[in-house]
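K.L.:
I have a structure here, written as structure tokens, and I will follow up with some questions on it.
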């Protein structure tokens, strides 16, 4: 191993002085490793071959709890067959002499990290160019892979170290203070977005920033309608911006459902065009109201998480992302196993929610297991394709209507004979209790309402 001639490394961005200063500071003050491992967690962050080998030896010693000094580093380096002991000792001695200031070690480490990020970006760009030049894949696949590369770099860049609890407590008190502010705009900025169902909001405290929420049911239960109801309420009442990605229905179908729900005109009449003058009037008024709301619809089939993320960033200032639905999404990576693919998608959805700091409401299908049981109410194990859906989600909601099954069997829906009684089952809730919220289903208008609203309507 040559500890002197590294002139060939001028091609890629790196700072020999910063790398050497970091290593020299560690040799003079090994305890500074405690604040370096969050910035430089691996030897790959060093570009110089010698520097990378030395930092790798230091990390190995630090990880084993052994002393880090001149002698222990030399002994660790001897395990490398290419190690030259004579030049190695000279180089280590030089490192200890050239460090400008130990107190600036974090500054030097950040320079090393920045140069590493630039090299990673260059390699990613090179890989993208090679994919395009080879022409082995379709443009959409190459674009997905390119976005995934950049997404992975950004995710690594955002890694943070441990933060003292006193700082986090101060931030928590600051948030609580703003939640109790006399300024309504400031209060709303820190509160979860209301769904429009009072009892549900009381249970999950609204749709909170960085949360991944799963809304699941069997087909025909009305989960798309429920999601549209929530989006409509937030856009109309809270004046917030919604990005709604539909992988199953067209944008026109979604707009028709919004019109039906807002104008209280039966969906079947919208499809046939057999409308009365009064219904036309209500539709025009509803259309005018909806046109002033910031709901953005996208019906791209098989969309990936990087594609969603790119579109949301271009739209800017999005307050809620809705995806309908999970099982129709594609992974940006080629994964043959569907269970692993869904796991990859849900993990990236959660990461996206945290990175963009917005709630992500994702609809999901349920397995047929619930239909085979005497008790049809869904449980967490019914989530289709992967247990990672339950693990990655902050909140899991199930929609259920006994009348849905009763009609098929010719039975009385329930003791009150109400075929439109519905339930939103809060099956997982990281912020509080799990419970069942009562709903009312208005199938002709494709909407759910809370029972407290029905009571006063």
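K.L.:
If each of residue 60 and residue 35 carries a label point 7 Å out from its Cα toward its Cβ, how far apart are those two points in nm?
P.N.:
It works out to 2.8 nm between the two label points.
K.L.:
Separate question: Would you calculate the convex hull of the Cα atoms in the stretch 212-340 and tell me its volume per residue in Å³?
P.N.:
Hull volume over Cα atoms, normalised by residue count, gives 120 Å³.
K.L.:
Moving on. If you take all C-alpha pairs in the chain, what percent of them are over 34 Å apart?
P.N.:
Everything past 34 Å amounts to 50 percent.
K.L.:
I need 424, 32 ordered by Cβ neighbour count within 10 Å, fewest first.
P.N.:
In increasing order of surrounding Cβ atoms, one gets 32, 424.
K.L.:
Relative to the present Cα-Cα distance, how much length would full extension add between residue 176 and residue 315 at 0.36 nm per residue of separation?
P.N.:
Result: 47.1 nm gained on full extension.
K.L.:
Could you rank the peptides 208-214, 93-99, 294-300 by their average count of other C-beta atoms within 10 Å per residue, with the highest value first? Kindly include the intermediate steps, with their values, before the conclusion.
P.N.:
Working: 208-214: 21.3, 93-99: 14.9, 294-300: 17.3.
Highest mean packing first, the order is 208-214, 294-300, 93-99.
K.L.:
For 284, 71, 437, what ranking results if the residue with the fewest other Cβ atoms within 10 Å of its Cβ goes first? All intermediate terms of the calculation are to be shown ahead of the outcome.
P.N.:
Details: 284 12, 71 8, 437 22.
Ordered by Cβ neighbours within 10 Å, fewest first: 71, 284, 437.
K.L.:
Any idea what Rg and Dmax come out to for the stretch 50-102 if you just take the C-alpha atoms, in Å?
P.N.:
When restricted to Cα atoms, the stretch 50-102 yields Rg and Dmax of 11.0, 33 Å.
K.L.:
For the residue pair residue 12 and residue 291, what label-to-label distance in nm results when each label sits 7 Å from Cα along the Cα-to-beta-carbon direction?
P.N.:
5.6 nm
K.L.:
Okay, next question. Determine the gain in length on full extension of the stretch residue 125-residue 251; use 0.36 nm per residue of separation and subtract their C-alpha separation, reporting nm with one decimal.
P.N.:
41.9 nm
K.L.:
Hey, another quick one. In vacuo Debye scattering of the stretch 7-114, one point per C-alpha: log10 I(q)/I(0) at q = 0.19, 0.24 Å⁻¹?
P.N.:
-0.94, -1.54
K.L.:
Same structure, new question: Kindly give Rg over Rh for the stretch 192-456, based on alpha-carbon atoms, with the Kirkwood expression for the hydrodynamic radius.
P.N.:
The Rg/Rh ratio comes out at 0.95.
K.L.:
Sticking with the crude label model, points 7 Å out along Cα→Cβ, report the distance from residue 202 to residue 338 in nm, one decimal please.
P.N.:
For residue 202 paired with residue 338, the spin-label model returns 4.1 nm.
K.L.:
In addition: Between 0 and 90 degrees, rounded to the nearest ten: what's the tilt of helix 49-63 against the longest Cα principal axis of the chain?
P.N.:
Its long axis makes an angle of about 70 degrees.
K.L.:
Let me ask you something else. Mean residue ellipticity at 222 nm from the helices of the chain, using -39,500 (n - 2.57) per DSSP H segment of n ≥ 4 over the full residue count, to the nearest 500 deg cm²/dmol?
P.N.:
Using -39500 (n - 2.57) per qualifying helix, the result is -15500 deg cm²/dmol.
K.L.:
While we're looking at this one, here's another question. Can you give the FRET efficiency to the nearest 0.05 for residue 79 and residue 139, using r as the Cβ-Cβ distance and R₀ = 56 Å?
P.N.:
Here the calculated transfer efficiency is 0.75.
Rule-based calculations on the coordinates, nothing more; no lab input. Everything numeric in this text was worked out from a predicted model, so none of it was measured. Cβ coordinates were reconstructed from backbone atoms using ideal geometry, including for glycine residues, and neighbour counts include every protein chain displayed.
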